[in-house]
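Visitor: Can you keep this structure in mind? I'll have questions shortly.
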Amino acid sequence: MSFLQVEQSGQVLTVTVNRPAARNAMSFGMYEGLYNACERADADPDIRVMVLRGAGGKAFISGTDIAQFAGLDGADGVAYEQRIGRVIRRLEDVTVPTVAAVEGYCFGGGLAIAAVCDLRIATESAKFGIPTARTLGNCLSMDTYALLVGHLGPARTLDLLLRARVYTGAEAHAAGFVAELVGADRALDDVLAETVDTLLGHAPLTMWATKVAVARLRRANLPDGDDLVTRVYGSADFAAGVRAFGTGQRADWTGK
């Protein structure tokens, strides 16, 4: 069974991350599959909306598979962030509206993927965060920091990352990150279908121009951050965080 399922139904292309046993953690191959799905969405003029979701009901995407981090140094960290950034940028550049349907964990790379989608619909019990300050001890690319600041503002971004906060669906909705919150009295699929129907009824070029304009504004004057990534991924703290992850113990942070 494929860990990434791409299915077209009428004018909608749905990408389902199908690895529930691992909370839908992403391997490099799955990231590449997402890139290819974006290519497919743009190559088919019949596709008018792209939907991303996770299988199993307990996670959208919990982040990158920890196995992908083993043995990384500073230069590898830059290459990793560039590799993931290529996929994030491609998803942002899809010409049709993109919708993330979130239930369960939306962590790390999963939060970046949801953030770069045009709309986010989430259940009240969804969980959003990048808790690396208490887990792996790595950092983000400048592009991902810009995404979070654009959605949440500097204060909430700092709070989310420095305190390793986890937002519920309701908190993410109150912060403006989630476009529509799905209460217990409604089904995520029903709200998703309503949103997709709305998008299918709107002018494609108007929506395309809006997407491109917002992306251009976000990317304007984006500074380089490879020096930050190199130092953090090359640190003893990051190596300790990777070793400790999944053991039930936290790394002994030294700042080196």
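Visitor: How many angstrom lie between the Cα centre of segment 122-174 and the Cα centre of segment 35-84?
Guide: For segment 122-174 versus segment 35-84, the Cα centre distance is 18 Å.
Visitor: Rounded to the nearest 5, what % of DSSP beta bridges with both residues in segment 1-152 are antiparallel?
Guide: Here the share of antiparallel DSSP bridges comes out near 25 percent.
Visitor: Output the relative contact order of segment 4-185, whole-number percent, from Cα pairs under 8 angstrom with separation of 6+ residues.
Guide: Over segment 4-185, the number comes to 19 percent.
Visitor: Moving on to the next point. Using unit Cβ charges (K, R positive; D, E negative) and no other charged atoms, how large, in debye to the nearest 20, is the dipole of segment 83-237 about its Cα centre?
Guide: That gives a dipole near 560 debye.
Visitor: Placing +1 at every Lys and Arg Cβ and -1 at every Asp and Glu Cβ, with all other atoms neutral, what dipole size does segment 4-185 have around its Cα centre, in debye to the nearest 20?
Guide: My answer is approximately 460 debye.
Visitor: Going by how many other Cβ atoms sit within 10 Å of their own, how do 30, 142 line up, fewest first?
Guide: 142, 30
Visitor: While we're here: Taking a virtual spin label 7 Å from the Cα of residue 79 along the C-beta vector, which residues in segment 20-54 bring their backbone nitrogen under 17 Å of it?
Guide: Those under the cut-off are 28-29, 32.
Visitor: If you don't mind, there's one more thing I want to ask. For a protection proxy built on the mean count of beta-carbon atoms within 10 angstrom, sort 218-226, 188-196, 86-94 highest first, please.
Guide: 86-94, 188-196, 218-226
Visitor: Also, I was wondering about something else. Quick one: of the DSSP bridges fully inside the chain, what percent are antiparallel, nearest 5?
Guide: 25 percent
Computed from the coordinates by the stated procedures, all read-outs in this text should not be read as laboratory data. Computed from a predicted structure; not experimentally measured. Quick reminder, even Gly has a Cβ in these numbers, built from the backbone with ideal geometry, and neighbours come from all protein chains shown.
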